[in-house]
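Beneath this line is the structure, given in structure tokens, with notes to follow.
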Amino acid sequence: MPYHAIGRKIYFHLVLAQCTNKIIIFYRVDCRVMEQEKPAMESAPTATTDEKSSEAVAAASASDDAAAEAKSLKCNQCGKLFKGQLEVEYHAAKTDHFDFSESTEEIKPLSEEEKKEQIRLMEEKIKQKRKEREEQEKVEALEREKIRIKSGKEMIATRRRLEEDEMKKIMDQRKREKMEDQLARQRIKEKIEQDKLARQAKYSNTPVVEPKAPVQPAAPQPKAPPKDYTETKINIRLTNGQTITQSFKAKEELSAVRLFVTLNRTDGAAPFSMMTSFPRKVFQEDDYAKPLDVLGLVPSAVITVTKAQ
């Protein structure tokens, strides 16, 4: 049997043999081997024995190196073992650990119970993740619904504010027109009074004296019973046959009626025109700036909505 096959035990005794008699110590370690090699040892010189001892030392050293070969990778921060580089990189990315080294410890294969436990834990984690995702989706859906409702309320409030602003503009315009109408009536009265004075002077051969200031009566004359209506009731027939009714001031313009129809109609949003049947009249663009009493729509009237031509 060669010396290098004797193993670690022989290597240990050979190291001791370096300090004592090599032949005697080696014989004590394994007599059986010595007896097998005795003829060769008796005929071989001492130098051959020394060479074979060196070969045995080298073989034992190689055996120790093979025994100390790394079988796994170990995290020095948490002590966990890994099979390969990919597992180390995943663990480092997940835990921010950075201290790793090779280890001679071998990772034991999982038993059937451990495999089942690992599968159970993975299923529980998957269920937990799915539940968390569903909860998150519910929260996001609720937030989207809140945003949609809020946007709808804001749109309604904006539309209402625009309608109020439009009505306010219409009312201001009516007030201005009313003031202008009153001034125009006052000028007409003054003109009529001047014409009366001129005719009187003409027929009586009396020179006409132009008033320096507008004639203002010293005291208000008693007014006749009011004949003018202040309101009118308008029945509006839509294109779909439905009727809507609304009261307006007698001095309001026909454009107020058109605005009311636009905001409250139920027959769609197509362009339309308005007309009266008795007498038959289709209102034009310039008619919408005239008061209702001037158009003969006081104290009541029926207006028919037709499709614009």
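Under a Cβ-Cβ cut-off of 15 Å, what is the net charge of the residues other than Ala269 that fall near it, where Lys and Arg count +1 and Asp and Glu count -1?
Values: positive: Arg159, Arg258, Arg265, Lys307; negative: Asp267.
Its environment carries a net charge of +3.
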Can you order the peptides 101-107, 146-152 by their average number of other Cβ atoms within 10 Å per residue, highest first?
101-107, 146-152
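Calculate, in nm to one decimal, what Glu177 and Arg133 gain on full extension: separation in residues at 0.36 nm each, minus their alpha carbon distance. If you can, show how the numbers build up before the last one.
Numbers: separation 44, 0.36 × 44 = 15.84 nm, distance 6.53 nm.
Taking Glu177 through Arg133 to full extension adds about 9.3 nm, to one decimal.
Would you mind putting 276-289, 248-261 in packing order, based on average other-beta-carbon counts within 10 Å, highest first?
Values: 276-289: 11.1, 248-261: 19.1.
Packing order, densest peptide first, comes out as 248-261, 276-289.
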Label Phe278 and Lys108 with points 7 Å out from Cα along Cα→Cβ: what is the distance between them in nm?
10.9
Förster radius 51 Å - calculated FRET efficiency between Lys191 and Glu154, Cβ distance, rounded to 0.05:
0.40
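Quick one: length gained pulling Thr245 to Lys290 fully straight, 0.36 nm per residue minus the C-alpha distance? Write out the running numbers ahead of the final one.
Working: separation 45, 0.36 × 45 = 16.20 nm, distance 2.02 nm.
Going from the current span to full extension adds 14.2 nm.
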FRET efficiency (Phe98, Lys71; Cβ distance; R0 25 Å; to 0.05) is 0.70
What figure in square angstrom, to the nearest 10, would you give for the accessible area of Arg199 with a 1.4 Å probe?
120
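Students often get this wrong, so check it: of Lys178/Lys251; Lys249/Lys281; Lys169/Lys233; Lys80/Lys108; Lys94/Lys115; Lys80/Lys131, which have C-alpha atoms separated by over 19 Å?
Values: Lys178/Lys251 8 Å; Lys249/Lys281 21 Å; Lys169/Lys233 22 Å; Lys80/Lys108 12 Å; Lys94/Lys115 22 Å; Lys80/Lys131 30 Å.
Violating the 19 Å limit, Cα to Cα: Lys249/Lys281; Lys169/Lys233; Lys94/Lys115; Lys80/Lys131.
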Phi angles of the stretch 124-131, converted by Karplus (6.51 cos²θ - 1.76 cosθ + 1.60, θ = phi - 60°) into ³J(HN,Hα) in whole Hz with x for Gly and Pro, give 5, 5, 5, 4, 5, 5, 5, 5
Which whole-Hz ³J(HN,Hα) couplings does the stretch 267-274 yield from phi under the Karplus relation 6.51 cos²θ - 1.76 cosθ + 1.60, θ = phi - 60°, glycine and proline marked x?
10, x, 10, 6, x, 9, 10, 10
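The values are calculated or read from the model by the stated rules, or taken from the named source; none is laboratory data. No experiment lies behind these values; they were computed from the predicted model shown. Counting neighbours? That spans all protein chains shown, and the Cβs are built from the backbone with ideal geometry, glycine included. Heavy atoms of the whole protein, side chains included, go into the accessibility calculation; ligands, DNA and RNA do not. Shrake-Rupley method; radii C 1.70, N 1.55, O 1.52, S 1.80 Å.
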